Amino acid sequence: MSAKLLEGKPIAERIKEEIKKEIEALGRRPVLASVLVGDNAGAEAYVKSQKKTAEALGIEYQYHKLGGDASEESLGRFIDKLNNDNGVGGIIIQMPLPAQIDYKKISRLISPVKDIEGMHPANIGKIIFGNAKILPPTAASVMELLAASGIDLYGKEVVVVGHSEIVGKPLALLLLEKFATVTVCHIGTSKAQKLEEHVKSAEILIVAVGRAALIKKDWVKPGAVVIDVGINRVDGKIVGDVEPEAAERASIITPVPGGVGPLTVTLLMRNLVEAVKLQR
Ligand code: NAP
């Protein structure tokens, strides 16, 4: 058996059309303020791709670059300025931040109604109550892929590998909201030699770790749905966290690249539109 590929691009294209309509209804061009602190080639490349997606949707992409020696206080003051600027609809702080800046502190300084990465505690908290309007884009991308796969999550055994704040943790809550039975695995699971056992029980497997081939083909339950969030560079190629041969056992699998990746920037833009609506 060879799994059906679940690609992110067609879903992203559909959502982009919805975003364009929403922007038309807003009656003005929303502005996304993007802040990079210091020099980082990876972050600059990500900024370029965000800018391209934003502009194609009719969003103004305002790019701000602060020196690598900026303090937490000066970044905080800059964020405050953006919070108070009525022209700015959403704010994104590019990663990585220099060592002197604590992202957790900074994410609390962005106004919750401009927090398009969905990382302010108020927005994360709303996920628990099932009424969040702004979701962390990567977690939301996984939910969009699952919805597009047509699978009913109700009562399904879902295993999430990775418990980061931006992916695994919010995703577990979003899956619970759909009445999935959720198991979250992490480094402790691996160290206890229990990762294989859990993965083998998954009807739906979602992996967001950042370790190439962490999940072995033979661990994947025959017929499982596999969403591979991982991005790893191996010998100049981008690969996921799941052995590609897992496609021989899964019923549906996301390609890497081409699965989750194309959706995340699009969902960041959808968050901007939601943010602008919340500010009204
Ligand atoms: P992260 O913050 O580094 O989190 C990785 C998670 O994996 C942590 O919860 C970590 O646990 C866990 N982990 C590490 N080693 C493990 C092991 N051997 N067994 C089980 N769990 C283990 O990374 P992230 O930001 O969530 O990103 C995860 C991956 O997704 C990366 O490859 C990233 O590039 C990719 N990603 C892709 C997109 C996209 O658009 N496609 C977006 C975001 C992220 P501990 O913290 O306890 O060590």
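Laboratory data are not the source of any read-out in this text; all were calculated from the coordinates shown. Note that the structure is predicted; figures quoted are calculated from it, not measured. Note that we place each Cβ from the backbone using ideal geometry, even for glycine, and neighbour counts take in every protein chain shown.
General remarks:
- Restricting segment 148-186 to GluC sites (Glu not before Pro) in coil, as DSSP defines it, with at most 15 other Cβ within 10 Å: Glu165
- Loop-located trypsin sites (Lys or Arg not before Pro) in segment 124-185 (DSSP state other than H, G, I, E, B) with a sparse environment of at most 15 neighbouring Cβ atoms within 10 Å: Lys133.
- Once you reduce segment 57-76 and segment 165-207 to the center of their Cα atoms, the two points are 34 Å from each other.
- The amide H of Val37, built 1.01 Å from its N in the peptide plane, has Leu66, Gln94 as neighbours under 5 Å, considering only residues 5 or more places off or on other chains.
- Computed over the chain, the quotient of the alpha carbon radius of gyration and 2.2 N^0.38 Å is 1.01.
- Binning the alpha carbon pair distances of segment 68-156 at 10 angstrom intervals from zero yields the distribution 15, 39, 28, 12, 5, expressed in whole percent.
- Summing Cβ point charges (Lys, Arg +1; Asp, Glu -1) relative to the Cα centre of the chain gives a dipole of roughly 360 debye.
- 3J(HN,Hα) couplings calculated from phi for segment 58-71 with the Karplus curve 6.51 cos²θ - 1.76 cosθ + 1.60 (θ = phi - 60°) are, in sequence order, x, 9, 7, 9, 9, 9, 10, 10, 9, x, x, 9, 4, 8 Hz; Gly and Pro show x.
- Cα-based Kirkwood hydrodynamic radius, segment 26-114, one decimal, Å: 13.5
- Pairs beyond 20 Å (Cα-Cα), from Lys114/Lys277; Lys4/Lys133; Lys81/Lys114: Lys4/Lys133
- Residue-wise HN-Hα coupling along segment 124-136, computed from phi with Karplus coefficients 6.51, -1.76, 1.60 (Hz; x: Gly, Pro): 4, x, 5, 4, 4, 8, x, 10, 6, 9, 10, 10, x
- Over the chain, dividing the summed -39,500 (n - 2.57) contributions of all DSSP H runs of at least 4 residues by the number of residues returns a 222 nm mean residue ellipticity of -12500 deg cm²/dmol.
- In segment 66-217, Rg over Rh equals 1.04, where Rg is the alpha-carbon radius of gyration and Rh the Kirkwood radius from pairwise Cα distances.
- Cα-derived Rg over Rh, computed across segment 136-261 with Rh taken as Kirkwood radius: 0.92
- Annotation: the residues Thr53, Thr254, sorted from fewest to most other C-beta atoms within 10 Å of their own C-beta, follow the order Thr53, Thr254.
- Choice from Ile93, Ile127, Ile101 with maximal GNM fluctuation in the chain (Cα, 10 Å cutoff): Ile101
- Dipole of segment 26-114 [Lys/Arg +1, Asp/Glu -1 at C-beta], most positive-end residue of Gly89, Ser74, Ala33: Gly89
- Selected from Gln94, Gln193, Gln50 as most flexible by GNM, with the chain as the system and alpha-carbon contacts under 10 Å: Gln193
- For His186, the residues whose modelled amide H falls within less than 5 Å of its own, excluding neighbours fewer than 5 places apart on the same chain, are Gly162.
- Placing R0 at 45 angstrom, the Cβ-Cβ distance between Arg108 and Lys9 gives a FRET efficiency of 0.85 after rounding to 0.05.
- Gain in span if fully extended, Asp218 to Ala41, counting 0.36 nm per residue against the direct Cα distance: 60.0 nm
- With Cα atoms, 0 to 90° folded angle of helix 72-83 axis to the chain main axis: 80
- Taking Ala45, Ala247, Ala213 as the candidate residues, the one with maximal mean-square fluctuation in a Gaussian network model of the chain, Cα springs under 10 Å, is Ala45.
- Relative counts (whole %) of C-alpha pair distances in segment 131-206, using bins that are 5 Å wide: 3, 16, 28, 26, 17, 7, 3, 0
- Across segment 10-23, rounded Karplus estimates of 3J(HN,Hα) from the backbone phi angles (6.51 cos²θ - 1.76 cosθ + 1.60, θ = phi - 60°) give x, 5, 4, 5, 4, 5, 4, 4, 5, 4, 4, 5, 4, 5 Hz, Gly and Pro being marked x.
- Relative contact order computed over the chain (Cα-Cα under 8 Å; 6+ residues apart), in percent: 23
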